[in-house]
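One structure is given here, and the rest of the page talks about it.
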Amino acid sequence: MKTVTSIEKRNSVKKDYNTIAEQYSEEFGKIYEDEDVINEFISKLKPNSKILDLGGGTGKLTDLFIKKGYEAICYDFSLEMMKKAKEFYPNIPYILDDMLNMEQHFKKNTFDGIIAFYSLFHIPREDINNVFASINKLLNEDGIFCFVVQLGDGEDFIDEPYLKENGKNVLYFNFFTKEQIEKLLKNNNFKKIYETEKEEIGEDELGEEGNNKIFVIAKKTKF
């Protein structure tokens, strides 16, 4: 991949999701994927937990957590996705900003759980450790962190399936090896307590064919 700055990578993601918000929300805006992992995450939480839904998009997980009795906040940097969230779930709290700025919005030890479903693979390689560090800071003692990334090695601009021929090589994607995931967890004081791997299938899936998704739940180990 040619030399591209962090802001250029992140802007490609923001532009993409602003462009496809209508199509994406029609297909996925109210559908819960990977409920087995979501339920596993919920099972690790304390009653009345406060949850941050990072890269929450249409807000469907935030709404789900609120309906289950938790306090939850959606956080995303796509204005058009936020508009769809407000249309679908008008009462959910929503913060519109880049994930790299989350410490500007919250104090340390604010959340009992943080979930980043299908969002961390859009964080530039040079920024991902800082994001993990921020998540650790925002979590309470024994806080729970759930995330999914796509296995592979390196970073690239991939095709956006919703845009067909106009979506060639437009969306920044960061792939992770299992070793990189383990290093991120260790360096930022997380202990892995759950992991499952799922096959990436279908022509409309993001990422390269054959790159499996890996779901991880970890606990903060230092307060």
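The values are calculated or read from the model by the stated rules, or taken from the named source; none is laboratory data. Since the model is a prediction, treat every value here as computed from it, not as a measurement. Ideal geometry is used to build each Cβ from the backbone, glycine not excepted, and the neighbour counts take in all protein chains shown.
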Qualifying positions in region 1-23 - at pLDDT below 90 and part of a loop (DSSP other than H, G, I, E, B) = M1, K2, T3
request  = Consider E141 carefully, then state whether it is in contact (Cβ under 8 Å) with a residue 60 or more places away in the chain, over 15 Å from the mean Cα position of the chain (by Cα), more than 21 Å from K46 (Cβ to Cβ) and surrounded by fewer than 15 Cβ atoms within 10 Å (Cβ to Cβ).
outcome  = no
key: Candidate set from region 24-67 (those that are among the charged types (D, E, K, R), exposed (fewer than 13 other Cβ atoms within 10 Å of the Cβ) and at pLDDT 95 or above); member that is nearest to V148 (Cα to Cα)   = D36
task = Kindly indicate the residue of region 89-112 that is touching a helix residue (DSSP H, G or I) at 6+ places or on another chain (Cβ under 7 Å) and more than 29 Å from T5 (Cα to Cα) and also surrounded by the fewest Cβ atoms within 10 Å (Cβ to Cβ) among those meeting that condition.
result = T110
Residues within region 5-14 that are surrounded by 14 or more Cβ atoms within 10 Å (Cβ to Cβ) and farther than 17 Å from A116 by Cα, tallied = 4
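Can you find a residue in region 59-73 that is part of a loop (DSSP other than H, G, I, E, B) and within 15 Å of the chain's Cα centre (by Cα)? Break it down stepwise before answering.
Taking region 59-73 and keeping what is part of a loop (DSSP other than H, G, I, E, B), we get 59, 68-70.
Subset that is within 15 Å of the chain's Cα centre (by Cα): 59.
For region 59-73, residues part of a loop (DSSP other than H, G, I, E, B) and within 15 Å of the chain's Cα centre (by Cα): present.
I'd like to check something: does region 29-36 contain any residue that is in a helix (DSSP H, G or I) and either closer than 28 Å to T196 by Cα or among the hydrophobic types (A, V, I, L, M, F, W, C) (or both)? Please lay out each step first, then the result.
Quick first cut of region 29-36, residues in a helix (DSSP H, G or I) only: 35-36.
Next, only the ones that are either closer than 28 Å to T196 by Cα or among the hydrophobic types (A, V, I, L, M, F, W, C) (or both) stay: 35-36.
The answer is yes, given that some residue of region 29-36 is in a helix (DSSP H, G or I) and either closer than 28 Å to T196 by Cα or among the hydrophobic types (A, V, I, L, M, F, W, C) (or both).
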query = Looking only at strands (runs of 3 or more DSSP E) that fall completely inside region 107-184, which ones have 2 or more residues that are on the phi < 0 side of the Ramachandran plot and acidic (D, E)?
reply = 154-158
